[in-house]
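Engineer: One structure, pasted below without further comment.
The values are calculated or read from the model by the stated rules, or taken from the named source; none is laboratory data. No experiment lies behind these values; they were computed from the predicted model shown. Counting neighbours? That spans all protein chains shown, and the Cβs are built from the backbone with ideal geometry, glycine included.
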Amino acid sequence: MDEEKFPDYCIVGYFTIALKTLEIKSTVSKTFFQKFDGIARDNKNKIFPVFLIGQLGRCGSTDKKELSGGRILEDVFSMIHIVQRFIGGRIVLVECDDNQYLKKFYEKNGFRHLQDSEENGKTFLQYIKIIH
């Protein structure tokens, strides 16, 4: 951005959203699985399209009181709702490290732990939120 034209603007937070396919493992309960599918045929491995929140954060000097993580999530969901009108979809996924702060943050904001995932030898927790 040209700072001479926009001297009062700076990036204080950011997020990325992508489409991804999520494979639901057979260890997920039939009741929980039904929320994905809408009908509980069985809970064998299934694949669903999801909105992936790939990154979410505040820029270095931004104060938590000035911009909370919850406020950034509000912007994420505003954007997802716009896209949802055109392409559909109802599941939002975040993958995070097994970190107590992150787990509490996502649970406080309506996400539920679904399952763990391994990628390149590293384990991630997968949290989902179903939107309407």
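Engineer: Of the numbered conditions (1) farther than 13 Å from VAL50 by Cβ; (2) touching a His at 6+ places or on another chain (Cβ under 8 Å), GLN100 fails exactly one; give the number of that condition.
Structural biologist: All conditions pass for GLN100, except number (2).
Engineer: Next question. Taking the range 83-132, which residues are touching a residue at least 24 places away in the same chain (Cβ under 8 Å), surrounded by 16 or more Cβ atoms within 10 Å (Cβ to Cβ) and among the hydroxyl-bearing types (Ser, Thr, Tyr)?
Structural biologist: Within the range 83-132, TYR127 is the sole residue that qualifies.
Engineer: Continuing with the same structure: I need a count of the residues in the range 84-100 that are over 12 Å from the mean Cα position of the chain (by Cα) and modelled with pLDDT under 95.
Structural biologist: Of the residues in that region, 9 qualify.
Engineer: Suppose we filter the range 13-60 for residues that are part of a loop (DSSP other than H, G, I, E, B) and either at pLDDT below 70 or within 20 Å of ILE128 (Cα to Cα) (or both); how many remain?
Structural biologist: Count: 13.
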